[in-house]
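The values are calculated or read from the model by the stated rules, or taken from the named source; none is laboratory data. The shown structure was predicted, so the numbers you read here are calculated from the model rather than taken from an experiment. Because the Cβ atoms are built from the backbone with ideal geometry, glycine has one as well, and the counts that use them run over all protein chains shown. These accessible areas exclude ligands, DNA and RNA; they are computed on the full protein's heavy atoms, side chains included. Shrake-Rupley method; radii C 1.70, N 1.55, O 1.52, S 1.80 Å.
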Amino acid sequence: MRKLGIVALGAAAALTLAGCSTGGGESTSADGGEITVWVVGSDTPKDARAYLKDTFESENDGWTLTVEEKTWADVSDTYAAALQSNDSPDVVEVGNTQTASFADQGLFLPLEDFATDDYLPGLVESATYDGDLYAAPYYAGGRIVFYSEQILGDTAIPTTLDEYVATGKERKTDTLSGIWAPGRDWYNALPYVWSHGGFIAEQDGDTWKAGFSSEGGIEGLTQLQDVYVNASNAAKDGDETDPQVPFCAGEDLFLSAPAWVQWSITAPADAEAPGCPDTYGADLKAFALPGAEAGETAPIFAGGSNVAVATKSANPEQARAALDIMASAGYQDLLAAGGLTPGLTASAANLPDTEIAKAQAVALENSKVTPTTPKWAEVEAAQIIQEALVKIAQGGDVKSIATDLDAQIEEILNS
């Protein structure tokens, strides 16, 4: 197996298992066999898939590699079953927030001798469970701040988080949100908590301690409440769905949203979900959310994918070789050229030369993920963070709400 020395930077997802063909359990011999790699959706460019197949087969005489495309829709229902079968695939793409759960079920092999220093730290963290690395960072997605020069006018781009909030408050009117911030959008709440030194939850031995009510957590949530009350016209109990709608109506100065929202904003006027390509989408710009100090970016939530070797792969050595190719500079460069923020930070130099692509890459260099525990899925399902944020947006007592939230999180994580 090759030892990689690669670079790190900082989504959400699943696969259609219907009709999945041969898995890693088939066609194995001392002289060769077949490796099956599952990727999710159409995000992985065709030229990257071809590079993987050609490189693997040229380096492994007698072996063939097949790439199968799945969808995110079935990952929760059938993915685990496929990985437990005797016809398991060899290498799989999986959502970063799902990685710990699959590792906990014993479905992924730990990756020994994989150098993580050059990869997005948020993805590395999401792929690490119980002290071991169970997947390689694949690609990432994160939130950036969109704006239209038509609405920005002479207003300066803020250089710190405090300036960002102050600018949002100054520019807010009855018809314009300085910062679009619906109350249930918890992913956009996290940078405020993290920037002030707060945290979601940390493990001390076998016990999880939640940190929304920590000193930094309270400071961050108090600043966020200022945004909700004095900088935003978004619904206090609203979510992040269709953020392009108020933006295209000219109702936002700053919109913090996933980078892919650019395609919703610039969608043709005759599209099923029209954007505003001829108005506020015509001069669409973006920047990374600034941090506590000038020159820093705020920590953001890193969504995205990892790739792992299935425990039941019949050919784990060849599967690891395929994974190493997917984590290599040659392959990651192709992901970047296709517009995906690569897990390997050095490959970000190959992103399209657009302001939005570069902004996302910069933002993801300082990224974090949710607690790496299989029980985190229960926290998300309970929607207790969203409910707490709505109360804060409505003007409730921040310390009391945060304390109650931490107690609920700890009850779930420590049960």
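Looking only at segment 161-201, count every residue that is within 18 Å of residue 228 (Cα to Cα) and not in a helix (DSSP H, G or I) and tell me the total.
If we filter segment 161-201 for residues that are within 18 Å of residue 228 (Cα to Cα), which is where we start, we get 161-196.
Retained after the next criterion (residues that are not in a helix (DSSP H, G or I)): 172-189, 196.
Looking only at that region, the number is 19.
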| query | Could you give every pair whose Cβ atoms fall below 6 Å, whose first residue belongs to segment 325-337 and is at negative phi, and whose second residue is open to solvent by 40 Å² or more (accessible area, probe 1.4 Å) and in a helix (DSSP H, G or I), counting only separations of at least 6 or pairs across chains? | reply | 331/51; 333/350; 334/47; 334/51; 336/350; 337/350
| said: Please verify whether residue 387 is under 14 Å from residue 409 (Cα atoms) and of a type in the set (Asp, Glu), treating the condition exactly as stated. | reply: yes
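Within segment 298-318, is there a residue that is open to solvent by 20 Å² or more (accessible area, probe 1.4 Å), more than 20 Å from the chain's Cα centre (by Cα) and of a type in the set (S, T, N, Q)? Don't jump to the end; show me each part of the working.
First pass over segment 298-318, keeping only residues open to solvent by 20 Å² or more (accessible area, probe 1.4 Å): 311-312, 314, 316-318.
So of that shortlist, the ones also more than 20 Å from the chain's Cα centre (by Cα) come out as 311-312, 314, 316-318.
After this cut, where a residue has to be of a type in the set (S, T, N, Q) as well, the list is 311, 318.
Yes; the residues of segment 298-318 include at least one that is open to solvent by 20 Å² or more (accessible area, probe 1.4 Å), more than 20 Å from the chain's Cα centre (by Cα) and of a type in the set (S, T, N, Q).
So which residues in segment 267-294 are modelled with pLDDT under 95 and of a type outside the set (A, V, I, L, M), if there are any at all? Step through it out loud before you land on a result.
Pass one, segment 267-294, residues modelled with pLDDT under 95: 267-274.
Hits for segment 267-294 are 268, 270, 272, 274.
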| task | Within segment 124-151, track down each residue that is over 20 Å from residue 326 (Cα atoms), touching a strand residue (DSSP E or B) at 6+ places or on another chain (Cβ under 7 Å) and not in a loop (DSSP other than H, G, I, E, B). | result | 143, 144, 145, 146, 147, 148, 149, 151
| said: With open to solvent by 50 Å² or more (accessible area, probe 1.4 Å), assigned to a loop (DSSP other than H, G, I, E, B) and modelled with pLDDT under 90 as the only criterion, which of 18, 14, 8 stands out? | reply: 18
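Those residues that are assigned to a loop (DSSP other than H, G, I, E, B) and among the hydroxyl-bearing types (Ser, Thr, Tyr), I need them from segment 365-386; list them, please. Steps first, please.
The first filter runs over segment 365-386 and keeps only residues assigned to a loop (DSSP other than H, G, I, E, B), leaving 365-366, 369-375, 383.
Within segment 365-386, 370, 372, 373 meet the criteria.
Output the residues belonging to segment 177-202 that are open to solvent by 20 Å² or more (accessible area, probe 1.4 Å) and within 17 Å of residue 280 (Cβ to Cβ).
If the condition is that a residue be open to solvent by 20 Å² or more (accessible area, probe 1.4 Å) and within 17 Å of residue 280 (Cβ to Cβ), then 180 is the only one that fits.
Could you please let me know if residue 404 is at pLDDT 90 or above, open to solvent by 70 Å² or more (accessible area, probe 1.4 Å), under 14 Å from residue 210 (Cα atoms) and out of contact with any helix residue (DSSP H, G or I) (no Cβ under 6 Å at 6 or more places or on another chain)?
Working: at pLDDT 90 or above: yes; open to solvent by 70 Å² or more (accessible area, probe 1.4 Å): yes; under 14 Å from residue 210 (Cα atoms): yes; out of contact with any helix residue (DSSP H, G or I) (no Cβ under 6 Å at 6 or more places or on another chain): yes.
The answer is yes for residue 404.
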| task | All but one of (1) open to solvent by 50 Å² or more (accessible area, probe 1.4 Å); (2) at pLDDT 95 or above; (3) closer than 30 Å to residue 408 by Cα; (4) more than 24 Å from the chain's Cα centre (by Cα) hold for residue 205, so report the exception by its number. | result | (2)
| task | With the condition kept exactly as written, say whether any residue in segment 387-395 is open to solvent by less than 20 Å² (accessible area, probe 1.4 Å), in contact with a helix residue (DSSP H, G or I) (Cβ under 7 Å, 6 or more places away or on another chain), closer than 23 Å to residue 107 by Cα and not in a loop (DSSP other than H, G, I, E, B). | result | no
| message | If I ask for residues that are assigned to a loop (DSSP other than H, G, I, E, B) and at pLDDT 95 or above, which ones from segment 90-111 would you list? | response | 90, 106, 107, 109, 110, 111
| note | Of the residues in segment 208-228 that are of a type outside the set (D, E, K, R) and part of a strand (DSSP E or B), the one that is least open to solvent (accessible area, probe 1.4 Å) is 210
| request: Report yes if residue 234 is aliphatic (A, V, I, L, M), in contact with a Ser or Thr (Cβ under 7 Å, 6 or more places away or on another chain), at pLDDT 95 or above and part of a loop (DSSP other than H, G, I, E, B), otherwise no. | output: yes
| said: Contact list please: Cβ distance under 6 Å, first residue in segment 199-212 and under 13 Å from residue 406 (Cβ atoms), second residue open to solvent by 100 Å² or more (accessible area, probe 1.4 Å) and of a type outside the set (D, E, K, R), pairs at least six apart or on different chains. | reply: none
| request: Return the total of residues in segment 229-249 being open to solvent by less than 20 Å² (accessible area, probe 1.4 Å) and over 24 Å from the mean Cα position of the chain (by Cα). | output: 2
| message | List the residue pairs whose Cβ atoms are under 7 Å apart, where the first residue sits in segment 245-271 and is within 20 Å of residue 167 (Cα to Cα) and charged (D, E, K, R), the second is in a strand (DSSP E or B) and at pLDDT 90 or above, and the two are 6 or more positions apart or on different chains. | response | 251/177; 252/177
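Return yes or no: is residue 380 surrounded by fewer than 23 Cβ atoms within 10 Å (Cβ to Cβ) and either aromatic (Phe, Trp, Tyr) or at pLDDT below 95 (or both)?
Details: surrounded by fewer than 23 Cβ atoms within 10 Å (Cβ to Cβ): yes; either aromatic (Phe, Trp, Tyr) or at pLDDT below 95 (or both): yes.
It is true that residue 380 is surrounded by fewer than 23 Cβ atoms within 10 Å (Cβ to Cβ) and either aromatic (Phe, Trp, Tyr) or at pLDDT below 95 (or both).
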| message | Which count do you get for residues in segment 67-86 that are in a helix (DSSP H, G or I), at pLDDT below 80 and hydroxyl-bearing (Ser, Thr, Tyr)? | response | 2
| said: Within segment 47-64, take every residue that is outside any helix (DSSP H, G or I) and not small (Gly, Ala, Ser) and give me the one that is surrounded by the fewest Cβ atoms within 10 Å (Cβ to Cβ). | reply: 61
